[in-house]
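The values are calculated or read from the model by the stated rules, or taken from the named source; none is laboratory data. This structure is a prediction, so every number in the text was calculated from the model and none was measured. When we count neighbours, we look across all protein chains shown, and the Cβ atoms used for this are built from the backbone with ideal geometry, even at glycine.
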Amino acid sequence: MKGSLKIANIFGIPVLLHWSFILLFVFLLYYGCSENYSLHEFLWWAAFGGALFLSILLHEFGHALMAKRYGVKTKDITLLPIGGMARLNRLPDKPKHELLVAVAGPLVNVGIAILLVPHFWWIVKPALAQHEIPAPENIDNDFFFFLPLLLFLNLLLAVFNMLPAFPMDGGRMLRALLSIKWGRLRATKAAVFIGHFIAAAMVIFGIWRNQLSYTFIGAFIYFTANREYRWVKTESLLKSIKVSDLIASGIIIFENINSLPDLSIDANDNLKKANEIMQQHDRYELAVHENGVPIGVLENEKMWDYISEMEKEK
Ligand SMILES: [Zn+2]
């Protein structure tokens, strides 16, 4: 993602911090100062924010490592103030694999919550029951409630991500389940429809109860869902066009046959495969072979021009 700072490389996956984090820090600093926070409270927030973003990072690695099992690489993981985002190279081919990749993220948060339950059950709960500690005025800056609050937020992350609306993981799970019967394109259309319904409900609820955060999240979900459908539509188009179909359109150039790109594609393969090879190896050109003989060069830019023309026609 543009304007992101690489902070780590874990399992070969670059971890990026989005620039808007600076805004978050400035805002929290301003808020803390205006509320006369003590050093103790500043430290609490810094530590809690760190623990929360670690939970989000682990969630994204849940997706990335499950995707790796099915041969799908992750380009990078970006941490944004509103959450994380793992960019996969492509969607897993089988619906079952897509389902497992989607569910792996929320399951990590459930796992973290389960790990924190003993602390709550054997330490916090008895202490509260015996009034060993006073019920705090502000649980959000009391060290005793650091882990219980983290437990609660991890459960909230899991539940929120299971909302069956793109780009939430629940939307992907729903699409994967529907794909088994309907195929990916139709399943996406249905999942987007349901996602729009939920997003619209959130927007209306936000306006009705004067909770603008719901309105904001609802609007975000609404527009992202559309993008998902457009992408799947493009992908099904890529699948339906063969590299050889581009020869007649003059997209495959026959010149420069002496200096062919080192990676090649067969003329009988589809554009989805061509696009995947280019993405995986970060190339913008492929040599085109027919019966093992080089016949030309396929350029990324011209390929996409052709696809957008085809999309306009449909
Ligand atoms: Zn997720």
Original post:
Any idea how many residues of the stretch 103-117 are among the small types (Gly, Ala, Ser) and within 13 Å of the ligand (Cβ to nearest atom)?
Top reply: 2
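A quick yes/no check of all residues on (1) at pLDDT 90 or above; (2) within 19 Å of the chain's Cα centre (by Cα); (3) not assigned by TED's automatic domain parsing to the domain that holds Pro106:
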residue: Pro167; (1), (2), (3): no, yes, yes
residue: Arg172; (1), (2), (3): yes, yes, yes
residue: Arg184; (1), (2), (3): no, yes, yes
residue: Trp208; (1), (2), (3): yes, no, yes
**OP:** Could you check, for the stretch 30-37, whether at least one of its residues is hydroxyl-bearing (Ser, Thr, Tyr) and assigned to a strand (DSSP E or B)?
**Re:** no
Subject >> helices (runs of 4 or more DSSP H) contained in the stretch 216-314 and holding at least 2 residues in contact with a strand residue (DSSP E or B) (Cβ under 7 Å, 6 or more places away or on another chain) >> reply: 271-281
Subject >> Selection count, the stretch 217-239, where residues are of a type in the set (A, V, I, L, M) and surrounded by fewer than 16 Cβ atoms within 10 Å (Cβ to Cβ) >> reply: 1
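Do you know which residues across the stretch 54-73 are more than 12 Å from the ligand (Cβ to nearest atom) and modelled with pLDDT of 90 or more? Let's see the steps before the verdict.
Step one: filter the stretch 54-73 for residues more than 12 Å from the ligand (Cβ to nearest atom), giving 54, 65, 68-73.
Hits for the stretch 54-73 are Leu54, Leu65, Lys68, Arg69, Tyr70.
For the stretch 74-102, give me the residue count where each residue is in a helix (DSSP H, G or I), over 12 Å from the mean Cα position of the chain (by Cα) and within 15 Å of the ligand (Cβ to nearest atom). Even if it seems obvious, please write down each step before you answer.
Looking only at the stretch 74-102, we keep the residues that are in a helix (DSSP H, G or I), and these are 95-102.
With the extra rule that they be over 12 Å from the mean Cα position of the chain (by Cα), the set shrinks to 95-100.
Filter again for within 15 Å of the ligand (Cβ to nearest atom), leaving 98-100.
Residues flagged as in a helix (DSSP H, G or I), over 12 Å from the mean Cα position of the chain (by Cα) and within 15 Å of the ligand (Cβ to nearest atom) within the stretch 74-102 amount to 3.
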**OP:** Specify which of the listed residues (Phe21, Phe48, Phe53) is surrounded by 11 or more Cβ atoms within 10 Å (Cβ to Cβ), closer than 25 Å to Val110 by Cα and touching a strand residue (DSSP E or B) at 6+ places or on another chain (Cβ under 9 Å).
**Re:** Phe53
